[in-house]
Amino acid sequence: MGEASKALPSAEWVRDLLRSSSALPYDYYPEVTAEERLEYALRQTMSSVESPSAHCAVIDHEDRQGLAVTVPLAWDSDVLGVPAGRVTVFMFSGVDQETTIKVSGELACSVRGQIDELSLQHVSVRLDARELLAAQTLERAGFEIVDGILKFSHALDGTPLAPTDLPGIQIREATKADIPKLRALAESGFIYDRFHNDPRLSKETSDRLHGIWTENAVRGKTGAGVLVGEVDGEVGGFFILAEDKLAKEVFGKSVGTLVLITVGKAYRRRGLAKALSRESLRWLQARGNRWGEVGTQLANTPASSVYLAAGFRMAQTSLSLRYWSPGA
Ligand SMILES: CC(C)(COP(=O)(O)OP(=O)(O)OC[C@H]1O[C@@H](n2cnc3c(N)ncnc32)[C@H](O)[C@@H]1OP(=O)(O)O)[C@@H](O)C(=O)NCCC(=O)NCCS
């Protein structure tokens with residue numbers, strides 16, 4: 001399949017390919033220099049390339065270059081109940097439009113080969129929405145769009161944010177005693193995400209995945225912390241938080257993320273999600289993060305409205321695609 005070689009690329013070769021990318025991480029922050037973004041993308045890409053379980057395809061001709069990396073995902077395979085993986089790198093360039101289209105097709109063909117070699121059934125990929133050519137190429141190779149993501153950002157430099165003061169609403173850090181209630185909220189709260197929107201996955205599987213994810217976050221196995229929102233002393237919602245350590249390492253400015261929120265149906269439209277968002281930003285600010293980011297699905301206008309009301313601004317958009325192998 002395709003003309004790709006499996007030899008690992010050098011960092012210099014990857015750096016040159018990244019230079020032609022139309023969408024480097026954090027390119028919406030003018031405070032991050034082009035060299036810092038390139039270094040971040042290089043470290044991220046090389047860590048994928050060098051991961052022991054990765055399958056890597058390199059296309060290197062005079063007029064066209066491409067790199068794709070596919071990795072199996074143990075946690076996703078476990079919770080989805082099928083061998084699952086992710087295409088962590090999919091980038092290419094050519095001297096003109098014709099060769100770019102040619103190399104993207106060769107690369108997509110190699111990805112299909114990697115999926116077969118790894119015996120994967122459920123394979124995800126996230127692309128910046130500006131990389132439409134890559135998304136279209138992957139669609140032709142059998143991937144389907146299952147989600148679109150809007151990413152919002154809030155600057156955390158300058159004056160400390162004021163605490164939220166809403167009658168009856170209290171925000172605090174989660175403890176292990178919260179796990180049963182938070183799991184119940186997580187297992188009934190989501191409808192718009194890429195799992196619930198995937199016709200190949202049952203609602204039960206997607207609900208359970210969110211429950212396990214939330215429990216792992218409270219137990220400190222994933223993310224940086226969890227904030228719980230109470231209404232009149234009752235647990236009504238939560239936000240899982242994370243921090244990007246690579247950003248801190250590479251450009252000395254740490255980026256925090258508000259990863260996953262839900263508010264129980266009985267507690268909605270009382271300002272709880274907005275309060276959780278503001279307090280999450282304060283929590284991240286107190287830990288020295290320079291920005292707070294949050295993403296939501298294109299269809300999730302309630303969540304987008306919450307983030308805009310909490311002071312976030314639009315930063316970036318991306319597409320999620322998924323390949324389902326019929327024969328694994
Ligand atoms: C999205 C969600 C978290 C909002 O929680 P919430 O506590 O009801 O939101 P808030 O009360 O803080 O709303 C703040 C503002 O956001 C907007 N908003 C919230 N829900 C809205 C809705 N369903 N439709 C339109 N606007 C909405 C409003 O402007 C609202 O202010 P207002 O009530 O004064 O008009 C909640 O609906 C939910 O848990 N949904 C399911 C899980 C989910 O989608 N999570 C997001 C994943 S990214």
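The values are calculated or read from the model by the stated rules, or taken from the named source; none is laboratory data. Everything numeric here is computed off the predicted structure, so don't read it as measured data. With ideal geometry, Cβ positions are generated from the backbone for all residues, glycine too; neighbour counts draw on all protein chains shown.
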Check: Residues of the stretch 166-212 being within 13 Å of the ligand (Cβ to nearest atom) and under 22 Å from SER318 (Cα atoms), which ones?
Finding: PHE190, ILE191, TYR192, ASP193, ARG194, PHE195, HIS196, ASN197, SER206, HIS210
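Residue-wise test of (1) assigned by TED's automatic domain parsing to the domain that holds GLU131; (2) more than 18 Å from THR88 (Cβ to Cβ); (3) crowded, with 19+ Cβ neighbours inside 10 Å; (4) modelled with pLDDT under 95.
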| site | (1), (2), (3), (4) |
| --- | --- |
| TYR28 | yes, yes, no, no |
| ARG37 | yes, no, yes, no |
| TYR40 | yes, no, yes, no |
| ARG43 | yes, no, no, no |
Checklist line | Single residue of the stretch 35-80 satisfying the filter (of a type in the set (D, E, K, R) and assigned to a helix (DSSP H, G or I)) that is farthest from THR100 (Cα to Cα) | finding: ASP78
Next item on the list: Would you check if there is a residue in the stretch 124-133 being out of contact with any strand residue (DSSP E or B) (no Cβ under 8 Å at 6 or more places or on another chain), under 19 Å from ALA4 (Cβ atoms), part of a helix (DSSP H, G or I) and at pLDDT 95 or above?
Entry: no
Check: Restricting the search to the stretch 213-232, which residues are touching a Lys or Arg at 6+ places or on another chain (Cβ under 9 Å), within 23 Å of GLU243 (Cα to Cα) and within 14 Å of the ligand (Cβ to nearest atom)?
Finding: THR214, LEU227, VAL228, GLY229
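Against the definition (in a loop (DSSP other than H, G, I, E, B) and more than 19 Å from THR296 (Cβ to Cβ)), how does PRO180 come out, yes or no? Break it down stepwise before answering.
Details: in a loop (DSSP other than H, G, I, E, B): no; more than 19 Å from THR296 (Cβ to Cβ): yes.
No; evaluated as a whole, the condition is false for this residue.
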Next item on the list: Would you confirm whether any residue within the stretch 135-147 is modelled with pLDDT under 95 and small (Gly, Ala, Ser)?
Entry: no
Margin query: I need a count of the residues in the stretch 54-77 that are within 24 Å of GLN121 (Cα to Cα), at pLDDT 95 or above and surrounded by fewer than 18 Cβ atoms within 10 Å (Cβ to Cβ).
Written below: 2
Item checked: Spans of helices (runs of 4 or more DSSP H) in the stretch 245-328 with at least 1 residues within 8 Å of the ligand (Cβ to nearest atom), free of Cβ contacts under 8 Å to residues at least 12 places away in the same chain and of a type in the set (S, T, N, Q) -> 301-309
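Determine, yes or no, whether VAL111 is touching a strand residue (DSSP E or B) at 6+ places or on another chain (Cβ under 8 Å) and either surrounded by fewer than 19 Cβ atoms within 10 Å (Cβ to Cβ) or of a type in the set (D, E, K, R) (or both). Talk me through it step by step, then tell me what you get.
Working: touching a strand residue (DSSP E or B) at 6+ places or on another chain (Cβ under 8 Å): yes; either surrounded by fewer than 19 Cβ atoms within 10 Å (Cβ to Cβ) or of a type in the set (D, E, K, R) (or both): no.
Against the criterion (touching a strand residue (DSSP E or B) at 6+ places or on another chain (Cβ under 8 Å) and either surrounded by fewer than 19 Cβ atoms within 10 Å (Cβ to Cβ) or of a type in the set (D, E, K, R) (or both)), VAL111 does not qualify.
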